[in-house]
């Protein structure tokens, strides 16, 4: 029988039933394994700009959700990446310090994120307060990711402050839970031991992705090519639109594109579609995470595209690929990262980033292999999700990391 572990999982942006749910997904899996989990997260949603806590009424709220104790924190609203977001980060730190004191108990281990880096700092501070191990969860490498995206200069004092905090967190962490597979050199350059790293990528709950036994692989009809995800700076929806234009200009009617999502570049993409007068591509609004499995059942080819950005030099960790594999559909991936789960899984084809002609070639190849091969590609992706990305498999890996971190900390406090 497992020893029950009291886990405090500190976050700012991940919300239960929200747009980014890694914290909640892993918390549910740990809870299912018999552990006690508390999540700290903002009431203000980073993605939708909606507020769960009424203004001026509550500084925090504690509620149980699926057996998990969730501490909702009152933080100021903001839009964009300016001063308002910075103040929101400071609010998050202060509210966590306040709310944690009134819970009436203490953790056995504390996990804190690299994004935002100050939330990672407050998680380390809680671990120090309660004399328990701190685990640093790295999803993006801050502050370098901010520089890669053009949001911060390396000459900025903010960069140097964040970099100092990052180095400190690598050193203080008993374990480093990394969603990125290629951070070893960076961790070593930051003055810490790469042996601390445990690779735990984003995973997928397979239960909503029911098997579609009637799926025919798109035999004898127009193939639906679907993208589901963000229109962010490093998500390459514009290349998808350009590929659709190349096909339309050539009179090729083999494919129909459906692009679902929202984000920073959505308006520019809408204008791009209008200027091209595309008839073979439809832009749709974002859908709740709960609606993704059903939406993707309507696809024959699921499309993922990223820019050729330095932001991916530490590795690829796309939630959408987890969901794509779970949907058992052939995948076309456009990108140049150091790791390629589509190639590794055999779930489809990969082409270079930001190359609409290469994307067209890849789509034609997937059309040419026939329905039976596309079905088999989808099945390989599903098997990969089951063996490498399921919450059951990754939850066990996280549980082992927690047990090891507690043991190591007790041996070397």
>> Could you go through segment 359-373 and let me know if any residue there is surrounded by 21 or more Cβ atoms within 10 Å (Cβ to Cβ), without any contact (Cβ under 8 Å) to a residue 60 or more places away in the chain, in contact with a strand residue (DSSP E or B) (Cβ under 8 Å, 6 or more places away or on another chain) and in the same structural domain as residue 317 (by TED's automatic domain parsing).
In response: yes
> Given the structure, is residue 149 within 29 Å of residue 264 (Cβ to Cβ) and either surrounded by 22 or more Cβ atoms within 10 Å (Cβ to Cβ) or not assigned by TED's automatic domain parsing to the domain that holds residue 83 (or both)?
Replying inline: no
>> I'd like to know if segment 377-389 contains one or more residues that are under 30 Å from residue 107 (Cβ atoms) and either over 26 Å from the mean Cα position of the chain (by Cα) or crowded, with 20+ Cβ neighbours inside 10 Å (or both).
In response: yes
> Out of (1) under 28 Å from residue 285 (Cβ atoms); (2) buried (at least 16 other Cβ atoms within 10 Å of the Cβ); (3) touching a residue at least 60 places away in the same chain (Cβ under 8 Å), the odd one out for residue 230 is which?
Replying inline: (3)
>> Quick check on segment 13-63: of everything there that is out of contact with any strand residue (DSSP E or B) (no Cβ under 8 Å at 6 or more places or on another chain) and not in a loop (DSSP other than H, G, I, E, B), which residue is nearest to residue 93 (Cα to Cα)?
In response: 22
> In segment 36-68, what residues are closer than 17 Å to residue 109 by Cα and surrounded by fewer than 20 Cβ atoms within 10 Å (Cβ to Cβ)?
Replying inline: 36
>> Take residues that are at pLDDT below 95 and tell me which of the helices (runs of 4 or more DSSP H) falling wholly in segment 285-399 contain 2 or more.
In response: 319-326
> Name the residues in segment 76-97 that are in contact (Cβ under 8 Å) with a residue 40 or more places away in the chain and in contact with a helix residue (DSSP H, G or I) (Cβ under 7 Å, 6 or more places away or on another chain), would you?
Replying inline: 89, 92, 96
> Looking only at segment 307-336, which residues are under 16 Å from the mean Cα position of the chain (by Cα) and over 23 Å from residue 238 (Cβ atoms)?
Replying inline: 314, 315, 322, 325, 326
> From the set of residues in segment 235-260 that are assigned to a strand (DSSP E or B) and in contact with a helix residue (DSSP H, G or I) (Cβ under 8 Å, 6 or more places away or on another chain), which is farthest from residue 321 (Cα to Cα)?
Replying inline: 255
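Okay, residues lined up against (1) touching a residue at least 12 places away in the same chain (Cβ under 8 Å); (2) assigned by TED's automatic domain parsing to the domain that holds residue 261; (3) over 22 Å from residue 322 (Cα atoms):
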| position | (1), (2), (3) |
| --- | --- |
| 22 | yes, no, no |
| 27 | yes, no, no |
| 36 | yes, no, yes |
| 45 | yes, no, yes |
| 54 | no, no, yes |
| 57 | no, no, yes |
| 63 | no, no, yes |
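The values are calculated or read from the model by the stated rules, or taken from the named source; none is laboratory data. Predicted model, so just to flag it, every value in this text is computed and none were measured. Cβ sites come from the backbone with ideal geometry, for glycine too, and all protein chains shown count toward neighbours.
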